[in-house]
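> Here it is, the structure in full.
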Amino acid sequence: MTTYYFYPMTKEYASVICTWKYSAPYSIYSMDDSNECICDLMNDEYFYALDSDNQLVGFICMGGSARVPGGYPTGIYEHIDRRDIGLGLRPDFTGGGKGQAFLLQGLDYLKQHHHAHDLQLVVATFNERAIKVYERTGFVRGTSFMSRIGNKQVEFLSMTLAGK
């Protein structure tokens, strides 16, 4: 199994991540390479991940940075004991069976360094491959809701993982 190493986000890695483009239907996860995008990733809630060859493979985030706007009206962000998380793999790493190891090691990092135990994430409902990874890791399906992404409404699903 590949080992991943997580570090606080740097401008160098934020600049690279903001250029990542995903093919449809995953293109909703694509970022733009604007200064605004880079600045959004430059806070203490984002962490980049390198593999053992020092290649950038993904990122994880927590707190407000991991939230989807449409989730606020549903009340999913009102649980003060839950930590919201998000993650992204480099486009060429998706769909290749690397997601679960990345997620597990990312969760270990957040638990050890940020005391994140009761976790919640949000995923687009069409992203069945990610949902399968999350369920295999112990996340449980919760509330679904709609949120605007660009000019269209997308259905999302909240998933929770109780602390251990």
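> With no other cysteine's Cβ closer than 4.7 Å, which Cys residues of the chain count as lacking a disulfide-compatible partner?
Unpaired cysteines in the chain: 39, 61.
> Applying 1/(1 + (r/R0)^6) with R0 = 22 Å to the Cβ-Cβ distance of residue 126 and residue 40, what FRET efficiency is obtained, to the nearest 0.05?
FRET efficiency, residue 126 to residue 40: 0.40.
> Another question about this same structure. Taking the Cα of residue 108, stepping 7 Å toward and past its beta carbon, and measuring to each backbone N in the range 59-77: which are under 19 Å?
Only 59-61 fall inside the zone, counting backbone N under 19 Å.
> Taking Cα Rg over 2.2 N^0.38 Å as the quantity of interest, determine which of (1) 1.02; (2) 0.97; (3) 1.24 was computed from the displayed structure.
(2)
> By a straight-distance test (C-alpha under 23 Å), which lysines pair with residue 21 as possible cross-link partners, with residues fewer than eight away in the same chain excluded?
11, 98, 132, 152
> Taking the Cβ of each residue in 17, 131, 60 as the centre, tally the other Cβ atoms inside 10 Å and list the residues starting with the fewest.
Values: 17 21, 131 17, 60 27.
So the residues, fewest neighbours to most, are 131, 17, 60.
> Further question on the same structure: When a footprinting reagent is the concern and you count Cβ atoms within 10 Å, what order do 79, 114 take, fewest first? The partial results should precede the final answer.
Numbers: 79 12, 114 15.
Ordered by Cβ neighbours within 10 Å, fewest first: 79, 114.
Read the figures in this text as sums done on the coordinates, not as results from a lab. Computed from a prediction, not measured in an experiment: that's the story for all the values here. All Cβ positions, even for glycine, are placed from backbone atoms using ideal geometry, and neighbour counts span all protein chains on display.
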